[in-house]
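The values are calculated or read from the model by the stated rules, or taken from the named source; none is laboratory data. Since we're looking at a predicted model, the values are computed, not measured. FYI the Cβ positions are ideal-geometry reconstructions off the backbone, even for glycines, and counts take in every protein chain you see. Calculation scope for accessible area: heavy atoms of the full protein, side chains included, ligands and nucleic acids excluded. Shrake-Rupley method; radii C 1.70, N 1.55, O 1.52, S 1.80 Å.
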Amino acid sequence: MFDGYDSCSEDTSSSSSSDESEEEVAPLPSSLPIIKNNGQVYTYPDGKSGMATCEMCGMVGVRDAFYSKTKRFCSVSCSRSYSSNSKKASILARLQGKPPTKKSKVLQKQPLVAKLAAYAQYQATLQNQAKTKAAVPVEGFSWGNYINSNSFTAAPVTCFKHAPMGTCWGDIAEGVRVEVPNTDCSLPTKVFWIAGIVKLAGYNALLRYEGFENDSSLDFWCNICGSDIHPVGWCATSGKPLVPPRTIQHKYTNWKAFLVKRLTGAKTLPPDFSQKVSESMQYPFKTSMRVEVVDKTHLCRTRVAVVESVIGGRLRLVYEESEDKTDDFWCHMYSPLIHHIGWSRSIGHRFKRSDITKKQDGHFDAPPHLFMKVKEVDAAGEWFKEGMKLEAIDPLNLSAICVATVRKVLADGYLMIGIDGSEAADGSDWFCYHATSPSIFPVGFCEINMIELTPPRGYAKLPFKWFDYLRETDSIAAPVKLFNKEVPNHGFHVGMKLEAVDLMEPRLVCVATVTRIIHRLLRIHFDGWEDEYDQWVDCESPDLYPVGWCQLTGYQLQPPASQSSRDSQSSSSKQKKKAKSQQYKGQKKMTSLQLKEELLDGEEYSFLQGTSDQESNGSASYYIKQEP
């Protein structure tokens, strides 16, 4: 982890030409790059006991860490530069703040200076790339305080493959050391010190400065992907001073020895961490790209929309016919709701033609390869047919899984689904799911997994039983084998905190909690809101993000709702959602019942017993299996 940090670019074993004889310092272990600091070691304000000032560069540091017997120079290179200059008076003048004359040039190591300058410029470029937008603070809310005061845990970044660093987070964990700005310091310039990760919460880390041991008085939260967080050794490479916090600066007389002891064998961030962060925040979708997206007023069709802005991979799409650009729709670039131009025609999906006959200047079609690919399916054999029954998440009330019907079979594995009992006569509220979608389930899924199934509106024969309903409607259940049985090792657990999109108001990203896990299906609760606003979401949904995502990308985070704000909530979307969720539902089933043989049209199936909050992550098992 520490390889690649060299303290000097010159051979330190060569003899010195200084007027003062030099004492060679034994080389430090290669696993401790932090001590190899180009001579500019752990500095304090001048005038303190045990301190020295370099007569070459003016650096103030720990006297014991200086190189000469008389401790006049902070490094061998400074000693050589000093001795090679015959105009010592000019050097002293320089240290006193006077510019050197043309005849008395300070002979510093130009190759090293050039190398540091180039590296500093490279780091600055990476930081500028990473700063996509200034973080948007939420007044009165802090993830750190929220987690500390309630002893919450957060879902790890590795749970979110679509988020920045989701696939290359590595071994970042408690105990990892980093170099961060030292805020406990009275120096006028920005200085740094080493800190260790005490606790991780998504992208956010609780840090403690080295030397504080069990003292948590100056612990602080920060985003580990921020531009001020660096791997150990960064200060040495970029020539930045490391200064112990003022509170403990007199705690040790030899900080160098202390750090050598503390950091031996410790882990730090990869040297290219900031580069990886920057690269993971580059998004292929650009403004003015044209896409096809679901029509939010008629779910059964798509419309053309134009990318207006991109924040953290989330797209603000403005429908092409919106003259004032207020008719918009938010979704992630990997959302199944957006497609390339021509997608609807290719699969037979309904499409609203635009009144605009030709593209506006500057608008261009998004390339098809940018969109999320669906799995290929074989519809040649046994396949979904119109009229087949199943269970599906209601897109207009995401807290409910409802009795549903396949209304139309499209090309490439796509299906038009309708919710029984609440469909519009013209089918305008049908919605499109792919056959491999994790939002549709075989008949009996809710019963087996102890989830409340929402029966058709107006259905009087309660409690609802699939066997009776299939017989009454003269319909059959879609075969179990046609559904997606893959359960990834997602890593989520009940109680984990995260940031989640309110899919009923998709421009909002809110503080949320995982409250149930049924294999790959997550129940997301929005903190501060009633349970009726909960939403069922797939574990790989691009609308879930780690704690700290909003701060990292500059997106606005919605804090937990207070009691007063809940009481005064007047958003039309919330009212619609509440009205939708208050439709009558069947009696909640407390036990899992055996489905009768006739339920699946004469075929024999056995259902694996599910649990209320099952956290199965293995892809080899599934909640339902078919027996031969």
What are the ³J(HN,Hα) values, in whole Hz, obtained from phi via the Karplus relation 6.51 cos²θ - 1.76 cosθ + 1.60 with θ = phi - 60°, for each residue of region 403-414 in sequence order, with x given for Gly and Pro? 5, 9, 9, 6, 9, 7, 9, 9, 7, 6, x, 8
For region 356-417, state which trypsin sites (Lys or Arg not before Pro) are in a DSSP loop and have at most 16 other beta carbons lying within 10 Å of their beta carbon. LYS358, LYS359, LYS373, LYS375, LYS385
For region 315-328, what does the Karplus curve 6.51 cos²θ - 1.76 cosθ + 1.60, with θ = phi - 60°, yield as ³J(HN,Hα) per residue in whole Hz, taken in order and with x for Gly and Pro? 10, 9, 9, 10, 4, 4, 7, 7, 6, 8, 6, 9, 7, 10
Computed over region 388-482, Cα set: Rg, Dmax in Å: 12.5, 37
Output wanted: per-residue J couplings in Hz (rounded whole) for region 146-162, from phi through Karplus 6.51 cos²θ - 1.76 cosθ + 1.60, θ = phi - 60°, x for Gly and Pro. 5, 6, 5, 6, 10, 6, 6, 10, 10, 5, x, 4, 5, 6, 10, 5, 8
Simple spin-label estimate for THR189 and SER322 in nanometres, 7 Å along Cα-Cβ: 5.0 nm
Area accessible to solvent at GLU292, 1.4 Å probe radius, in Å²: 10 Å²
For MET333, MET504, what's the largest-to-smallest order of accessible area, 1.4 Å probe? MET504, MET333
Sum of side-chain charges, PHE431 neighbourhood, beta-carbon under 13 Å (Lys, Arg +1; Asp, Glu -1): +1
Once normalised by the length of region 283-370, the mean sequence separation of its alpha carbon contacts under 8 Å that are 6 or more apart gives a contact order in percent of 33 percent
What length, rounded to one decimal in nm, is gained on full extension from ARG457 through to ARG262, with 0.36 nm per residue of separation minus their alpha-carbon distance? 63.6 nm
Residues with amide H under 5 Å from that of ARG516, placed H, sequence gap 5 or more: ARG523
Trypsin sites (Lys or Arg not before Pro), restricted to region 186-215: which are DSSP loop and have at most 13 other Cβ atoms within 10 Å? LYS190
Considering amide H positions built from the backbone, and no H for Pro or chain starts, which residues 5 or more places from HIS363, or on another chain, come under 5 Å of its amide H? none
Residues of region 283-370: accessible area per residue at 1.4 Å, in Å²? 49 Å²
THR436 versus PHE152, label points 7 Å from Cα toward the beta carbon: distance in nm? 3.4 nm
Taking 7 Å along the Cα-to-C-beta vector as the label spot, tell me the ARG353-GLN282 distance in nanometres, rounded to one decimal. 4.1 nm
Taking r as the C-beta separation of ARG345 and ASP219 and R0 as 56 Å, the FRET efficiency to the nearest 0.05 is 0.45
Show the residues, 5+ positions off or on another chain, whose built amide H is closer than 5 Å to the amide H of THR268. ARG177
Rank these by accessible area, largest first, 1.4 Å probe: SER217, SER354. SER217, SER354
